[in-house]
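These notes concern the structure reproduced below.
Please treat every number below as a calculation from the coordinates, not as lab data. These numbers come from a predicted model, not from an experiment. Glycine also receives a Cβ, built like all others from the backbone with ideal geometry; neighbour counts cover every protein chain displayed.
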Amino acid sequence: MYSTEEQPIKLADTDYPIHKLLQKRWSPRAFSEKAIDSKLLNQLFEAARWAPSSYNEQPWRFIIARKEDQEAYEKLASVMNEFNQSWAMDAPVLVLALTKTTFDLDGRDNPHAEHDLGQAIAHLTFEATRHNLYVHQMAGILPQRARELYEISEDYKPMTMFAIGYKDDPESLNDKLKKQETSPRIRKDLDEIIYDGKWDQ
């Protein structure tokens, strides 16, 4: 097994030069159980706190569970689907991300809340990457179970979960996940996502 410091880095093979943190950011499934220092964890959420948002509403909320608090951790883990439970429960920290669906300003629906939550998690992710921590975001959650377990009101929407931790040896995964973990990273070409002054879809 590798130590957390010896893990090979799976850099993005970019067509144009980008910042090393962006190149290094990746979503592994092989996580070490090594605990994350509380001050460092707070640093990640401080980065999220300073993300931009519509009207500076900051409509993101996070429920955090650390593995050392087994009861809280297992409660939050039960909000993930079975597939995500099969690998994410090695990570030392799990997080449920929610949006506040209305503006504090005037009570109107906030149609930008999900976009703003994404920006906050991106800020957190890049701060994590700076400290050799990795973040894997998960869409596979059970929102209604989250509502029931945590008594979440209709003003808030459970959106996604993510695991935070240090990378571990892919050998810790089953064969299918190990193959995904070690396969090359790919992205659409720029000309598939950029439309220069026109729209032809």
Checklist entry - Among 25, 130, 108, whose mean-square fluctuation peaks in a Gaussian network model of the chain (Cα, cutoff 10 Å)? => result 108
Next on the checklist: Once you place label points 7 Å from the Cα toward the Cβ at residue 149 and residue 39, how far apart are they in nm?
Outcome noted: 3.1 nm
Checklist entry - Can you give the relative contact order of the range 31-100 as a percent, counting alpha carbon pairs under 8 Å and 6+ residues apart? => result 45 percent
Item to check | Other-chain or far-sequence residues with amide H under 5 Å of residue 36's (modelled H) | outcome: none
Checklist outcome for this item: Expressed as a whole-number percentage, the relative contact order of the chain with C-alpha contacts under 8 angstrom and at least six residues apart is 30 percent
Checklist outcome for this item: Among the range 141-173, those whose backbone N falls under 14 Å of a label point 7 Å along Cα→Cβ from residue 57 are 155-157
Checklist entry - Ranking 129, 14, 99 by Cβ neighbours within 10 Å, fewest first, what do you get? => result 14, 129, 99
Checklist entry - Hey, which lysines would be in cross-link range of residue 198, C-alpha to C-alpha under 22 Å, not counting anything within fewer than 8 residues on its own chain? => result 188
Checklist outcome for this item: Quick calc, the chain, dipole around Cα centre from Cβ unit charges on Lys, Arg (+) and Asp, Glu (-), nearest 20 debye, gives 280 debye
Checklist outcome for this item: Listed by chain and number, the lysines with an alpha carbon less than 18 angstrom from that of residue 34, same-chain partners under 8 positions apart left out, are 67, 167
Item to check | Cα→Cβ-extended label distance, 7 Å offset, between residue 200 and residue 139, nm | outcome: 2.7 nm
Checklist entry - Which of 135, 186, 55 sits closest to the plus end of the dipole of the chain, meaning its Cα is farthest towards the positive end, when Lys and Arg get +1 and Asp and Glu get -1 on the C-beta? => result 186
Item to check | Candidate aspartates and glutamates - alpha carbon under 14 Å from residue 20, same-chain residues fewer than 8 apart omitted | outcome: 127
Next on the checklist: If neighbour count is taken as other Cβ atoms inside 10 Å, put 36, 64 in order from fewest to most.
Outcome noted: 64, 36
Checklist entry - Farthest toward the dipole's positive end in the chain, which of 173, 199, 121, given Cβ charges of +1 (Lys, Arg) and -1 (Asp, Glu) about the Cα centre? => result 173
Checklist entry - Among 175, 191, 116, which one moves the most in a GNM of the chain with springs linking Cα atoms closer than 10 Å? => result 191
Next on the checklist: Give me, ordered by chain and number, the residues 5 or more places off residue 29 or on other chains with an amide H under 5 Å from its own placed amide H.
Outcome noted: none
Checklist entry - Quick one: Karplus J couplings for the range 141-156, per residue in order, coefficients 6.51, -1.76, 1.60, θ = phi - 60°, nearest Hz, x for Gly and Pro? => result 10, 10, x, 5, 5, 4, 4, 5, 5, 10, 6, 7, 6, 5, 6, 10
Checklist entry - With the chain treated as a Gaussian network of Cα nodes joined by springs under 10 Å, which of 46, 151, 171 yields the largest mean-square fluctuation? => result 151
Checklist outcome for this item: If the label point sits 7 Å along Cα→Cβ of residue 13, residues of the range 176-200 with amide N under 17 Å come out as 180-190
Checklist entry - Say each of residue 50 and residue 68 gets a label point 7 Å from the Cα, pointing the same way as Cα to Cβ; how far apart are those two points in nm? => result 2.6 nm
Checklist entry - Once amide H atoms are placed 1.01 Å from N in the peptide plane, what residues at a sequence separation of 5 or more from residue 102, or on another chain, have their amide H within under 5 Å of its amide H? => result 110
